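Following: one structure in structure tokens, then a few remarks.
Computed from the coordinates by the stated procedures, all read-outs in this text should not be read as laboratory data. If you're wondering where the values come from, they're calculated on a predicted model, not measured in any experiment. Cβ coordinates were reconstructed from backbone atoms using ideal geometry, including for glycine residues, and neighbour counts include every protein chain displayed.
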Amino acid sequence: MYKPIQDKIVIKEKDLLDIKSEVILLETYNSKNVNKTGEVLAIGDLVENIKVGDNVLFTSFNPNKIQDGEDTLYIMREPDILAVIEE
């Protein structure tokens, strides 16, 4: 498991339909930026508004992508989270 530092967050990429089937999001596509959804696995000590277990919408433009077995993980800063998906 990864333990992020400062304002970093570890997110496991998850299909939106796995998170909440009733939510419909229009994703913005261009050559550099695609919004993704995922579950927060770990947070750094300086993260204030996100907690472990939150389902979030984030931009895939800038985070560090890690392949961990079959899982795709992203490490990013808290400001790169676009929204918490509430159930």
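Considering region 59-84, the residues that are of a type in the set (Asp, Glu) and under 11 Å from the mean Cα position of the chain (by Cα) include one that is surrounded by the fewest Cβ atoms within 10 Å (Cβ to Cβ), namely GLU78.
Counting the residues of region 34-58 that are over 17 Å from ASP15 (Cβ atoms) and surrounded by 12 or more Cβ atoms within 10 Å (Cβ to Cβ) gives 7.
Among the residues of region 29-87, those identified as out of contact with any Pro (no Cβ under 8 Å at 6 or more places or on another chain), among the hydroxyl-bearing types (Ser, Thr, Tyr) and assigned to a strand (DSSP E or B) are TYR29, THR37, THR59, THR72. Counting the residues of region 37-81 that are polar (S, T, N, Q) and touching an Asp or Glu at 6+ places or on another chain (Cβ under 8 Å) gives 6.
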